[in-house]
Amino acid sequence: MNNNFNQLKLKKELLENISKLNFTEMTAIQEESIPHSLEGKDLIAQAKTGSGKTIAFCLPILNKLEVKRFTIQAMILAPTRELANQIALQMQELARFTHNIKVTTLCGGVAYKPQVHSLSHKAHIIIGTPGRILKHLSEDTFEYHNINTLNTVSFF
């Protein structure tokens, strides 16, 4: 398999942004997982810190996203607020040249009401910790019926 990002079936704006971010060759985890994710296959993957896992699961999510549909289409669960924020920053960086993608972070340890307000602006992707997402679900602060991608991230 070719490990060049240009060989992937990604939207033009994603390929342009990857190039501007100076990502030229995929890491092993990206090369093995991204093509399967782009085909809509379920995936369980494990790799060391710094191996490119976040990009490996963010790119297929962004590629699948219907930007003109202002509804939550993807949810990413992370075990800690710090990891959720790190994933959100990477997602925003990868999406920066795709117009109007909204990413909302839902984590404990920060004010709840601003999160509710943020959700009212119709995010495409939510990233958060299980406890805080459960709180939002129990209080019906967002519609989950259109979520078509669920990622969970954990430590081993």
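The values are calculated or read from the model by the stated rules, or taken from the named source; none is laboratory data. Remember, predicted model here, so these are calculated numbers, not experimental data. Glycine also receives a Cβ, built like all others from the backbone with ideal geometry; neighbour counts cover every protein chain displayed.
Only one of PHE142, PHE155 is surrounded by fewer than 16 Cβ atoms within 10 Å (Cβ to Cβ) and either at pLDDT 95 or above or assigned to a loop (DSSP other than H, G, I, E, B) (or both); which? Steps first, answer last, please.
Working: PHE142 fails: surrounded by fewer than 16 Cβ atoms within 10 Å (Cβ to Cβ).
Matching residue, one of PHE142, PHE155: PHE155.
Among the residues of the stretch 113-125, is there at least one that is part of a helix (DSSP H, G or I), of a type in the set (Ser, Thr, Tyr) and buried (at least 18 other Cβ atoms within 10 Å of the Cβ)?
Initial filter on the stretch 113-125 (part of a helix (DSSP H, G or I)): 113-119.
Then drop every residue that is not of a type in the set (Ser, Thr, Tyr), which leaves 118.
Still in the list and also buried (at least 18 other Cβ atoms within 10 Å of the Cβ): 118.
Within the stretch 113-125 (the criterion being part of a helix (DSSP H, G or I), of a type in the set (Ser, Thr, Tyr) and buried (at least 18 other Cβ atoms within 10 Å of the Cβ)), the answer is yes, since at least one residue qualifies.
For GLU25, are the conditions met, namely being acidic (Asp, Glu) and more than 22 Å from LEU150 (Cβ to Cβ)? Full working, then the answer.
Values: acidic (Asp, Glu): yes; more than 22 Å from LEU150 (Cβ to Cβ): yes.
Yes: the conditions hold for GLU25.
This table checks each residue for (1) among the polar types (S, T, N, Q); (2) in contact (Cβ under 8 Å) with a residue 60 or more places away in the chain; (3) over 22 Å from LYS41 (Cβ atoms).
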{"residue": "LYS68", "(1), (2), (3)": "no, no, yes"}
{"residue": "GLN73", "(1), (2), (3)": "yes, yes, no"}
{"residue": "PRO79", "(1), (2), (3)": "no, yes, yes"}
{"residue": "ALA84", "(1), (2), (3)": "no, no, yes"}
{"residue": "ILE87", "(1), (2), (3)": "no, yes, no"}
{"residue": "LYS102", "(1), (2), (3)": "no, no, yes"}
{"residue": "HIS117", "(1), (2), (3)": "no, no, yes"}
{"residue": "ILE126", "(1), (2), (3)": "no, no, yes"}
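Would you mind finding the one in PRO35, PRO130, PRO60 that is over 21 Å from ASN146 (Cβ atoms) and either without any contact (Cβ under 8 Å) to a residue 24 or more places away in the chain or of a type outside the set (Val, Ile, Thr) (or both)?
Working: PRO130 fails: over 21 Å from ASN146 (Cβ atoms); PRO60 fails: over 21 Å from ASN146 (Cβ atoms).
Among PRO35, PRO130, PRO60, only PRO35 is over 21 Å from ASN146 (Cβ atoms) and either without any contact (Cβ under 8 Å) to a residue 24 or more places away in the chain or of a type outside the set (Val, Ile, Thr) (or both).
Any chance the stretch 91-99 includes a residue that's of a type outside the set (Gly, Ala, Ser) and closer than 13 Å to ILE72 by Cα? Before you say what the answer is, go through the steps one by one.
Step one: of the stretch 91-99, the residues of a type outside the set (Gly, Ala, Ser) are 91-94, 96-99.
Among the residues that remain, those that are also closer than 13 Å to ILE72 by Cα are: none.
For the stretch 91-99, residues of a type outside the set (Gly, Ala, Ser) and closer than 13 Å to ILE72 by Cα: absent.
Given the residues LEU106, LEU119, LEU137, which is the only one that is touching a Phe, Trp or Tyr at 6+ places or on another chain (Cβ under 6 Å), more than 27 Å from SER19 (Cβ to Cβ) and not hydroxyl-bearing (Ser, Thr, Tyr)?
Answer to the selection: LEU119.
Exactly one condition in (1) more than 17 Å from LYS68 (Cα to Cα); (2) surrounded by 19 or more Cβ atoms within 10 Å (Cβ to Cβ) is not met by GLY131; state its number.
It is condition (2) that GLY131 fails.
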